[in-house]
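Single-structure report; data block below.
The values are calculated or read from the model by the stated rules, or taken from the named source; none is laboratory data. All values derive from a computational prediction rather than experimental measurement. All Cβ positions, glycine included, derive from the backbone under ideal geometry; neighbour counts span all protein chains shown.
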Amino acid sequence: MTTTTLQQRLSACNLHLHSISRAWDTLVRWLDWLQAPALLAARLYVAYVFFNSGLQSLRDWAGTVWLYENEFHVALLPPHIAAVAGTAGEILLPPLLALGLFGRFGALGLFVVNAVALLSYLYALQPPAIMFHFIWGILIAVVALWGPGKWSVDHLRSS
């Protein structure tokens, strides 16, 4: 029967800890590398959703104004001004977000558009639609808090 000394046990434990530490460092490097494409994917997805909504509003402007007059209850703004402001936000801010050009400004602007849309029509939305607004809000908040990432015009401008 072989007995191991305390030093041998510590040496073996140290070897395992070193292996775990190397594996963790590798994982962290991969996660760091994935930040840029993940932020780009989030930016493109949210920009696509809001830009298409804005295009739909422009395609049927009379219908858009009707919705703001009869369905959407935007506080503090007359319906026509709310329709113009909401549609402008959905058309002008998504390209900024998608390109990461003034990315935080675009993200904060779309966060407001999303919040106003949710709050003005909350009474009529089904739970899945509400959940989509929360998902979009979280993705937009991530970009606003941490910036648009390395794969963005903002990053190229700062280099």
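Residue-by-condition table, conditions (1) among the hydrophobic types (A, V, I, L, M, F, W, C); (2) within 27 Å of Gly103 (Cβ to Cβ); (3) outside any helix (DSSP H, G or I):
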site	(1), (2), (3)
Arg9	no, no, no
Cys13	yes, no, no
His18	no, no, no
Ser21	no, no, no
Trp24	yes, no, no
Val28	yes, yes, no
Asp32	no, yes, no
Gln35	no, yes, no
Leu40	yes, yes, no
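Residue-wise test of (1) part of a helix (DSSP H, G or I); (2) aliphatic (A, V, I, L, M); (3) buried (at least 16 other Cβ atoms within 10 Å of the Cβ).
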{"position": "Ile81", "(1), (2), (3)": "yes, yes, no"}
{"position": "Val84", "(1), (2), (3)": "yes, yes, yes"}
{"position": "Gly106", "(1), (2), (3)": "yes, no, yes"}
{"position": "Val113", "(1), (2), (3)": "yes, yes, yes"}
{"position": "Val116", "(1), (2), (3)": "yes, yes, yes"}
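Considering segment 120-133, and only residues there that are aromatic (Phe, Trp, Tyr) and surrounded by 12 or more Cβ atoms within 10 Å (Cβ to Cβ), the residue that is nearest to Thr64 (Cα to Cα) turns out to be Tyr121.
Close contacts from segment 83-97, counting a first residue that is under 18 Å from Glu69 (Cα atoms) and a second that is of a type in the set (Phe, Trp, Tyr) and assigned to a helix (DSSP H, G or I), with Cβ to Cβ under 6 Å and a gap of 6+ residues or different chains, come to Ala83/Tyr68. Quick one: would you say Ala62 is at pLDDT 95 or above, at negative phi and either of a type in the set (Ser, Thr, Tyr) or part of a helix (DSSP H, G or I) (or both)? Spelling it out, Ala62 is indeed at pLDDT 95 or above, at negative phi and either of a type in the set (Ser, Thr, Tyr) or part of a helix (DSSP H, G or I) (or both).
Taken over segment 39-90, residues that are over 19 Å from the mean Cα position of the chain (by Cα) and within 21 Å of Tyr123 (Cβ to Cβ) amount to 21.
Screening Val143 with (1) crowded, with 21+ Cβ neighbours inside 10 Å; (2) over 21 Å from Leu44 (Cβ atoms) gives one miss only, at (2).
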